[in-house]
1. In the set GLY242, GLY276, which member is of a type outside the set (Val, Ile, Thr) and more than 30 Å from PRO179 (Cα to Cα)?
2. Mind listing whichever residues of region 185-201 are open to solvent by less than 10 Å² (accessible area, probe 1.4 Å) and away from the ligand (no atom under 16 Å from the Cβ)?
3. Which one is least open to solvent (accessible area, probe 1.4 Å) among residues in region 39-79 that are of a type in the set (S, T, N, Q) and over 16 Å from VAL109 (Cα atoms)?
4. Taking THR36 as the residue in question, decide whether it is open to solvent by less than 50 Å² (accessible area, probe 1.4 Å) and not assigned by TED's automatic domain parsing to the domain that holds ALA200.
5. Quick test for you: out of GLY100, GLY16, GLY82, pick the one residue that is open to solvent by 20 Å² or more (accessible area, probe 1.4 Å), among the small types (Gly, Ala, Ser) and either more than 16 Å from the ligand (Cβ to nearest atom) or within 19 Å of ASN218 (Cβ to Cβ) (or both).
6. I'm told ARG64 meets every condition in (1) assigned to a loop (DSSP other than H, G, I, E, B); (2) within 28 Å of ALA146 (Cβ to Cβ) except one. Can you identify the failing condition by its number?
7. Considering only region 69-80, state which residues are in contact with a Gly (Cβ under 9 Å, 6 or more places away or on another chain) and either within 11 Å of VAL52 (Cα to Cα) or outside the structural domain of SER136 (by TED's automatic domain parsing) (or both).
8. Which ones in region 40-60 are at pLDDT 95 or above and either acidic (Asp, Glu) or part of a loop (DSSP other than H, G, I, E, B) (or both)?
Amino acid sequence: MISQVRVRAHAKINWGLELLGRRPDGYHEIRTVMQTVSLHDDLMVGLSPDGVQLRVSGDFDAPRGPENICWRAAEAFRETFGRPGGACIELCKHVPAGGGLGGGSSDCVAVLAALARLTGLDGDERLREIAAQLGSDTVAFLTGGATMCSGRGEIVEPLVAGRTYDLVIARPDEGVSTPEAYQGIGHEDFSDGSGMDAVARALSSGAPPERLSELCLNAFTRSVVARMPQIGALVDWMIDLGAVGAHMTGSGSAVFGLATDAAAADGLAASLRDMGYWSVAARTVDAGYTLGENLNHE
Ligand code: C5P
């Protein structure tokens, strides 16, 4: 039996995000079209006799203890399945936290998927339940690609995407905390969710990037940009530099720009890096995570 597996944990953007209302449990009812992208963290996950060991490296730091969602994922896996005794996780971070890029949620699902592979529990329905307990936007990474997410984000339906899109992703230095972003919204930010149907239709028909961009809307933008004008400035810079459209992802602070092709995305990312932003070129992908043996095919 193999005792270690490499796994890629993809980041996400939100093509659109609508807030439908407040719920009695303190969460918000949302409707969002999520999309996994080629930007990813790299993990090596192994079985160990007891406890969790977590090592962190890469471009960004992350907690090294039980407050890291990877750690909690390994513990929740053991509590549910009674095995493995412990897990040994090496996490190499390329996705910044506080960006609305779902890095932590994706790492969580990557750990669950890797442990499932190592213990012969691939595809077990309980993985979905564990993921949903650990976060609101985790479940979409089990499905990957373009997904329509509702409820607090954990009700996930796969969407058909008629084509791939080239993107540039960038972030101002400061991140946004998701709970704070939810606290900042007002009545004017609520809508009925129908905008997401238009986004889903555009994706399935393989709409050109300029058409898709016209339909992208994010209910957090008004309040988050009012507090952090540097996000609005980044959107404007992307457009000035030639992006077809640019939008904040999730509750911010990262912004994605649609590019006409991969070379244009590379050029945009290089220009934004020259301006001092963290920025990468990326493209849409069909997976939320990629396990070892599939990595060569990416
Ligand atoms: O579930 P997750 O840890 O991603 O959510 C972080 C916080 O964001 C929650 O504690 C809650 O305050 C807020 N949230 C919300 N409605 C959602 C998702 C998150 O109010 N649908």
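The values are calculated or read from the model by the stated rules, or taken from the named source; none is laboratory data. This one's a predicted model, so the numbers in the text were calculated from it and none came from an experiment. Please note: Cβ atoms are built from the backbone with ideal geometry, for glycine as well, and neighbour counts cover all protein chains shown. Remember, those area values only see protein heavy atoms, side chains included, never the ligands or the DNA or RNA. Shrake-Rupley method; radii C 1.70, N 1.55, O 1.52, S 1.80 Å.
1. Numbers: GLY276 fails: more than 30 Å from PRO179 (Cα to Cα).
Checking each option against the conditions leaves just GLY242.
2. Of everything in region 185-201, just one residue is open to solvent by less than 10 Å² (accessible area, probe 1.4 Å) and away from the ligand (no atom under 16 Å from the Cβ), namely VAL199.
3. Step one: list which residues in region 39-79 are of a type in the set (S, T, N, Q), which gives 48, 53, 57, 68.
Subsequent filtering for residues that are over 16 Å from VAL109 (Cα atoms) retains 48, 53, 57.
Working: SER48: 18, GLN53: 97, SER57: 63 Å².
Only one residue fits best here, namely SER48.
4. Details: open to solvent by less than 50 Å² (accessible area, probe 1.4 Å): yes; not assigned by TED's automatic domain parsing to the domain that holds ALA200: yes.
So THR36 fits the description; yes.
5. Within the list GLY100, GLY16, GLY82, the selection yields GLY82.
6. Here ARG64 meets the rest and fails (2).
7. Pass one, region 69-80, residues in contact with a Gly (Cβ under 9 Å, 6 or more places away or on another chain): 69-71, 74, 78.
Correct list: CYS70, TRP71, ALA74, ARG78.
8. Answer for region 40-60, where residues must be at pLDDT 95 or above and either acidic (Asp, Glu) or part of a loop (DSSP other than H, G, I, E, B) (or both): ASP41, ASP42, ASP59, PHE60.
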